[in-house]
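The values are calculated or read from the model by the stated rules, or taken from the named source; none is laboratory data. Since we're looking at a predicted model, the values are computed, not measured. No Cβ is skipped: glycine too gets one built from the backbone with ideal geometry, and neighbour counts run over all protein chains shown. Surface accessibility is based on the protein's heavy atoms, side chains included, excluding ligands, DNA and RNA. Shrake-Rupley method; radii C 1.70, N 1.55, O 1.52, S 1.80 Å.
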Amino acid sequence: MKVEMMDDLDDTTICDSVNSLVEGCRLPVRMKGTDDWPLAELISIKESPGFRLYYVHYVDFNKRLDEWVTEDLLDTRKVHFPRRDCVINTGVSTPKRAPVGTGGQSVSRPSSPVTGELVNGSAVLAAALQKRINNNKKRKGLSLENEDSQDAPPPAQQPALPGPRQSGSMVAHHDDVITRMKNVDMIELGKHRIKPWYFAPYPQEMVGIPCIYICEYCLKYRKSRKCLERHMVKCNLKHPPGNEIYRKEHISFFEIDGRKNKNYAQNLCLLAKLFLDHKTLYYDTDPFLFYVMTVFDNRGFHIVGYFSKEKESTEDYNVACILTMPPYQRKGYGKLLIEFSYELSKFEGKTGSPEKPLSDLGLLSYRSYWAQTIMEILLSMKPVGDNEKPQITINEICESTSIKKEDVISTLQNLNLINYYKGQYIITLNKEILESHRKAMEVRLIRIDPKYLHWTPKDWGKRAKW
Ligand SMILES: [Zn+2]
């Protein structure tokens with residue numbers, strides 16, 4: 001077979017049959033529900049009786065659009081075959097395998113590395129952590145990426161971890177294929193059924209079933225609605241554990257200590273991983289606090305989103321992971337989470353910034369939050385004297401918003417507000433920017449009201465060990 005160079009897009013192979021397709025191939029694939037044929041990479045091929053399914057990643061799109069497609073959606077006239085001797089640069093290393101039907105095998109459902117444990121996420125988390133430790137850290141794109149919190153080996157009391165499987169073609173790049181593919185079809189959380197976006201290391205028993213049923217209060221997961229109903233009889237929570245530190249109208253925030261409520265924290269991380277690609281699953285939740293936002297109705301306090309925060313951050317991070325659950329997205333809740341995180345920083349008397357990398361959606365929310373917050377400050381300024389323009393320093397903006405200096409500067413630059421004129425930096429607010437700010441603020445109906453925050457920052461450094 002002719003082997004093509006991946007970086008030479010004009011040099012393609014005519015591929016008459018889908019039978020010659022192998023994992024790592026790139027070809028145009030029709031995106032479901034559209035007439036677009038973007039370039040996609042074959043991540044996995046699955047044999048079913050009578051037909052074959054292909055798991056594809058659209059090269060220039062977010063991984064949450066990855067999907068299983070049938071062969072009629074593949075344009076096999078323009079196939080780029082993977083090079084045999086090197087890794088394709090897609091941000092992740094692509095497995096090299098024998099073609100289907102020539103002694104190689106197709107991946108069926110990705111399986112969790114841990115077996116024999118039903119509903120305890122800790123072993124799965126431990127396994128995920130161990131995998132990451134075993135991985136070459138230079139490889140990018142794996143779902144477990146937090147350099148700060150993941151490097152410690154798992155504590156000795158954790159269940160023994162099975163080694164990687166030593167037979168079959170799964171061995172070579174086991175981790176990549178598994179963690180690159182969505183492994184949960186559906187979750188049910190309270191009244192919502194949600195389709196996951198990314199891989200999450202739920203136990204093997206939980207993947208490959210039509211739906212995972214999750215208790216919306218304690219976040220334990222069950223295989224069937226019946227099992228969940230049995231759980232609900234026993235589960236006496238109607239809200240997240242921990243302290244309710246904020247309530248105004250139907251919005252509440254609960255503060256959960258990752259050490260005191262380890263099971264909850266781990267289940268929350270596992271659930272969040274379904275919707276966060278880059279950020280980590282914290283196996284070791286002890287160093288983190290979790291702030292869960294809920295909406296209240298007559299049935300209980302329903303989780304809307306959360307952010308985690310290191311008890312002590314040497315780099316002034318005030319958010320580690322942040323997520324609005326999909327049913328609540330595009331309703332202003334993401335901004336509310338961000339606003340709350342900065343209110344905590346104000347109470348602590350310091351500036352903060354979210355840990356990087358941010359997801360694509362996270363970055364958009366933050367940029368917009370920073371812009372709106374800084375605009376609010378600028379518009380609230382009063383002139384210092386007659387015919388004088390108001391004056392403010394970057395540090396003053398940081399102090400009143402708790403937004404870190406770099407983020408203030410990058411926001412002012414992105415908005416194109418700063419001009420240099422006669423030896424001075426001048427901020428010019430034109431009509432356009434004022435109008436777009438006014439429109440943006442019109443839709444921010446719910447705001448955090450610091451009067452309702454009942455919280456005192458703890459000095460975690462003074463405590464012996466959390
Ligand atoms: Zn429960």
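General observations
- Ordering Leu337, Pro326, Ser313 by the projection of their Cα atoms onto the charge dipole of the stretch 256-392, which places +1 on the Cβ of Lys and Arg and -1 on the Cβ of Asp and Glu, puts Pro326 at the extreme positive end.
- Descending by average beta-carbon neighbour count within 10 Å, the peptides 40-48, 67-75, 303-311 line up as 303-311, 40-48, 67-75, the highest first.
- In order through the stretch 222-233: 3J(HN,Hα) via Karplus (6.51 cos²θ - 1.76 cosθ + 1.60), integer Hz, x for Gly, Pro: 9, 7, 9, 5, 4, 4, 5, 4, 4, 5, 5, 4
- Peptide ranges 230-239, 326-335, 201-210 listed from the most packed, as the mean C-beta count within 10 angstrom indicates: 201-210, 326-335, 230-239
- FRET efficiency for Lys262 and Asn387, using Cβ-Cβ distance with R0 set to 45 Å, rounded to 0.05: 0.15
- Residues with amide H under 5 Å from that of Ala40, placed H, sequence gap 5 or more: Leu27, Val29, Val59
- Heavy atoms of His454: accessible area, 1.4 Å probe, square angstrom to 10: 130 Å²
- Where labels lie 7 Å past Cα in the beta-carbon direction, separation of Leu73 and Glu399 in nm: 5.6 nm
- Each Lys or Arg adds one and each Asp or Glu subtracts one; over the other residues with Cβ under 9 Å from the Cβ of Ile187, this totals 0.
- Radius of gyration and maximum dimension Dmax of the stretch 398-438, Cα, Å: 11.6, 31
- Calculated P(r) tail over 19 Å for the stretch 173-277, as whole % of Cα pairs: 49 percent
- Here the 3J(HN,Hα) profile of the stretch 18-23, calculated from phi with Karplus coefficients 6.51, -1.76 and 1.60 at θ = phi - 60°, is 5, 5, 8, 5, 10, 5 Hz, Gly and Pro shown as x.
- In order along the stretch 339-346, the Karplus-derived 3J(HN,Hα) couplings, from 6.51 cos²θ - 1.76 cosθ + 1.60 at θ = phi - 60°, round to 4, 5, 4, 6, 5, 4, 4, 4 Hz, and Gly and Pro are given as x.
- You can think of it this way: the chain between Trp460 and Ser410 has 14.9 nm of extra reach, that is 0.36 nm per residue less the Cα-Cα gap.
- Cα extents for the stretch 204-338 along the principal axes, largest to smallest and rounded to whole angstrom: 45, 36, 31.
- Each label point was placed 7 Å from the Cα along the Cα-to-Cβ direction; for Arg330 and Phe51 their separation is 2.9 nm.
- Across Lys405/Lys462; Lys238/Lys451; Lys63/Lys439; Lys195/Lys273; Lys220/Lys356, pairs whose alpha-carbon gap is larger than 21 Å: Lys405/Lys462; Lys238/Lys451; Lys63/Lys439; Lys220/Lys356
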